[in-house]
Amino acid sequence: PLQSHAHKLMQERYKIRRTDTDLVFPSSKNPFVPFDFRVPFQRVIQNAFIEDFRFHDLRHSSASYLAMSGATLSEIAAVLGHKTLSMVKRYSHITDQHTSNVVKKMNRQIFE
């Protein structure tokens, strides 16, 4: 689901969309074929001197940020479209800092 800034950007894109296709980002050569983002994405990655990064890695980041924001595994599965929780666990990597903060929070609630 799109929210906030991404949703606003898509609303702006809707205003200037092509009316001869249902695609949000159609190819400039054929409006019935999706635009291929691979080459521009790779160019941006190279220009930013980022190594060993794929577009799919953003899915992992999203799952991890959702987990660190308090989303349950079931909620993350729903957002990512996964049918099993085991698949979600492969995607949601919680940082050591977040784990430390969770333990700190528990200690405050119990011992303070």
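Extension gain for the segment LEU58 to LEU9, taken as residue separation times 0.36 nm less the Cα-Cα distance, is 15.8 nm to one decimal. Spin-label model, SER74 to HIS98: label points 7 Å out along the Cα-to-beta-carbon direction sit 1.9 nm apart. Describe numerically, in nm with one decimal, the distance between label points set 7 Å from Cα along Cα→Cβ at VAL44 and at LYS105. Each label point is offset 7 Å from its Cα along the Cβ direction, giving 3.1 nm.
Taking a straight line from the alpha carbon of LYS104, these aspartates and glutamates sit under 15 Å away, with near neighbours fewer than eight places off in the same chain left out: ASP96, GLU112. Accessible surface calculations at 1.4 Å, restricted to protein heavy atoms, place the chain at 84 Å² per residue. GNM remark for the chain: springs join alpha carbons under 10 Å apart, and the peak mean-square fluctuation among LEU85, LEU58, LEU23 falls on LEU23. When percent of Cα pairs over 21 Å apart is calculated directly from the model, which label among [x] 61; [y] 33; [z] 45 fits? Calculated percent of Cα pairs over 21 Å apart: the matching label is [x]. For chymotrypsin sites (Phe, Trp or Tyr not before Pro), the sites in the range 1-101 that DSSP calls loop and that have at most 16 other Cβ atoms within 10 Å are PHE32, PHE35, PHE37, PHE49, PHE53, PHE55. The longest part of the chain holding none of the exposed loop trypsin sites (Lys or Arg not before Pro), meaning those outside H, G, I, E and B in DSSP with at most 16 other Cβ atoms within 10 Å, is 84-112.
The values are calculated or read from the model by the stated rules, or taken from the named source; none is laboratory data. Since this is a predicted model, take the numbers as computed values, not measurements. Counting neighbours? That spans all protein chains shown, and the Cβs are built from the backbone with ideal geometry, glycine included. Protein only, heavy atoms only, side chains kept; ligands, DNA and RNA dropped before computing areas. Shrake-Rupley method; radii C 1.70, N 1.55, O 1.52, S 1.80 Å.
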